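Single-structure report; data block below.
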Amino acid sequence: MADSDTEKIPGATYHVDHEKAATSPYDVAKGDASVDLDAMKLAEMGYTQDMQRNFSVWSVLGVGFSLTNSWFGISAALVTGINSGGPILIIYGIILIALVSTCVGISLSELASALPNAGGQYFWANELAPKKYANFASYLTGWFAWAGSIFTSASVALAMGSAVVGCYQLGHPDFVIERWHVFVAYQLVNIFCFFFNCYGKTLPKVATVTLWTSLISFGVILITVPAVAPTHQHAKFVFATFINNTGWAEGGIAFIVGLVNTNWSFACLDCATHLAEEVHRPEKMIPIAIMGTVGIGFVTSWFFSMAMFFSIVGDFSDIVASSTLVPILELFYRALNNKGGAIFLEIMIIATGLGCLVASHTWQSRLCWSFARDRGLPGHKWLSKVDKRLDVPIIAHFVSCVIVGIVGCLYLASLTAFNSMITACIVLLYISYAIPITCLLIRGRNNITHGPFWLGPVGLVSNIVLLCWTVFTLIMYSFPYAKPVLASNMNYVSVVYAAVTTIMAVDWVARGRKSFRGASERKDDGVEVVEGVRRGSVTGSVH
């Protein structure tokens, strides 16, 4: 790791002494005023401290892990993943994706440590890109990131809707699941989780509770299912069985098609970066949360997958063809031979998933709010407001959740909507990471002020891996899920890309290119904001 004496970005004013920050209780007396170092660093970037710093590193980790929640993601990914590789896909796919995610986590952590800001990747792109292209690069990044967060919330809500309906079907065997049943459950889940992000002071506690809910649920399921299963699969099935029911003749293509589901289990690693203005000393705390999320995610997801595959009772194809449409629920039922027990375990997964959706709502609202501060979105005057009583960007939160509700209508149009949603959330987020990383490499990794978390050559390798993986996913994850390709099983993610790009292009031409607040304007505003922080008199955002 490098210290703060490395070469600074030309024109930047990041001059806070990190050693003083580490040894003082975040405040330094200046005359009769007390200046918050975190607020001062934020002011130097051109922003005022609109959000209270209520989060601890533990609660930030809770939000980050609750959203990524890899073992939960694997349980939901079984819906579509097991036909495209089976046990080999999940067991070895987790290892592959965990390695890639480690590189992604290192890349994000370095920038979050050097430039801690709730804007995350769109802010980094604006700071690092060549001046001529900085605003456009930042604008693209912000839109891709926000769109990715919307599709993430939609995919989680759809997984939860499917699980709820599946539990009902298991208890009522004559009930035949229709698409609209899942759609209604999707909307109810989205509305229910909306309310958890409406009061800022409770969010750290909610995040901590959801973290423990996930870990306790993981422990209970991990122990119970293998312990009570009357028979167990042999090791060859778990570690050496490849299943290809996709219609693709090439096993490699089938593996890649299925890999998108495993990849979903490690998506959204930027979540913690958007809480940088709600935690003290974010340059140290955010990297801890990001890397902790990857580490916990790998351990829980790999052992969960292995335990579940060993616990499969009966024919694998029967679990895939379950009338509940939720293979993990069918697996529980066959292992326990008890509907009540299976539903109870699935409820634990649902509780974990609800925590995941709450964290996703937190993340998407912070992305929307921070991007709107720099006039990156239509209606930015309202979206950038923080309700002082609730201490949350309530309008940004409400609008984001409404859009998630609208996106849910895609499920009524196509049964492959789930895969399209998770593919969109994965690839759009990777693109939003790749833009600032590309800008960093063009500028030169040693030509910016390094934060406390900086890994030198390891960071460079991680940056390259992230960029290569982004190109790989953009191309390969667009392949059809099965052959022959029909309207009912087509991969519609290309349509999603086209829709997002069209909306973004229209807004940029009509409004964004003139309105977006870039680095130069922010730094001009920053002089005034810094003085306001010193005087303790600035209470509103600079827009």
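The values are calculated or read from the model by the stated rules, or taken from the named source; none is laboratory data. Bear in mind that the values here come from a model prediction, so they are computed numbers and not experimental data. Here the Cβ is made from the backbone with ideal geometry for all residues, glycine too, and neighbour counts use every protein chain on show. These area figures cover heavy atoms from the full protein model, side chains too; ligands, DNA and RNA do not enter into them. Shrake-Rupley method; radii C 1.70, N 1.55, O 1.52, S 1.80 Å.
Annotations for the structure displayed:
- Hits in the range 169-202 (condition: acidic (D, E) and either at pLDDT 95 or above or over 21 Å from S414 (Cα atoms) (or both)): D174
- The lone exception for I406 - which of (1) in a helix (DSSP H, G or I); (2) under 30 Å from T102 (Cα atoms); (3) at pLDDT below 95 it fails: (2)
- For the range 118-134, taking the residues that are surrounded by 24 or more Cβ atoms within 10 Å (Cβ to Cβ) and out of contact with any Ser or Thr (no Cβ under 6 Å at 6 or more places or on another chain), the one that is farthest from E44 (Cα to Cα) is identified as A129.
- Meets criteria (of a type in the set (G, A, S), exposed (fewer than 14 other Cβ atoms within 10 Å of the Cβ) and modelled with pLDDT of 90 or more) for A487: no
- Subset of the range 222-234 (residues that are touching a residue at least 60 places away in the same chain (Cβ under 8 Å) and either of a type outside the set (V, I, T) or closer than 16 Å to Y481 by Cα (or both)): L222, P226, A229, P230, H232, Q233
- In the set (1) at pLDDT 60 or above; (2) open to solvent by 20 Å² or more (accessible area, probe 1.4 Å); (3) assigned to a loop (DSSP other than H, G, I, E, B); (4) under 26 Å from K388 (Cα atoms), the condition left unmet by R517 is number (2).
- Among the residues listed as W369, W363, the single one being within 20 Å of L61 (Cβ to Cβ), surrounded by 20 or more Cβ atoms within 10 Å (Cβ to Cβ) and in contact (Cβ under 8 Å) with a residue 24 or more places away in the chain: W363
- Exactly one residue out of S432, S420, S478 is within 26 Å of A159 (Cβ to Cβ) and in contact with an Asp or Glu (Cβ under 9 Å, 6 or more places away or on another chain), and it is S432.
- Residues in the range 136-189 that are among the charged types (D, E, K, R) and touching a residue at least 60 places away in the same chain (Cβ under 8 Å): R179 only.
- Looking only at residues of the range 154-196 that are of a type in the set (V, I, T) and surrounded by fewer than 16 Cβ atoms within 10 Å (Cβ to Cβ), we find that the one that is farthest from L354 (Cα to Cα) is V176.
Every residue, every condition in (1) open to solvent by 10 Å² or more (accessible area, probe 1.4 Å); (2) of a type in the set (K, R); (3) more than 24 Å from T102 (Cβ to Cβ); (4) modelled with pLDDT under 95, yes or no:
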site: L410; (1), (2), (3), (4): yes, no, yes, yes
site: A434; (1), (2), (3), (4): yes, no, no, no
site: T438; (1), (2), (3), (4): yes, no, no, no
site: I448; (1), (2), (3), (4): no, no, no, yes
site: V465; (1), (2), (3), (4): yes, no, no, no
site: S478; (1), (2), (3), (4): yes, no, yes, yes
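- Options F316, F309, F298, F304; residue that is open to solvent by 50 Å² or more (accessible area, probe 1.4 Å) and closer than 18 Å to I74 by Cα: F298
- The helices (runs of 4 or more DSSP H) located wholly in the range 62-146 that include 3 or more residues which are under 19 Å from the mean Cα position of the chain (by Cα) and farther than 29 Å from A163 by Cβ occupy 86-114, 121-128.
- Residue list for the range 197-210, restricted to those being more than 20 Å from the chain's Cα centre (by Cα) and open to solvent by 60 Å² or more (accessible area, probe 1.4 Å): Y199, K201
- In the range 334-357, the count of residues that are buried (at least 19 other Cβ atoms within 10 Å of the Cβ), farther than 30 Å from V225 by Cα and not basic (K, R) is zero.
- Restricting G252, G219, G247, G258 to those that are of a type in the set (G, A, S), touching a residue at least 60 places away in the same chain (Cβ under 8 Å) and either buried (at least 19 other Cβ atoms within 10 Å of the Cβ) or in a helix (DSSP H, G or I) (or both) reduces the list to G258.
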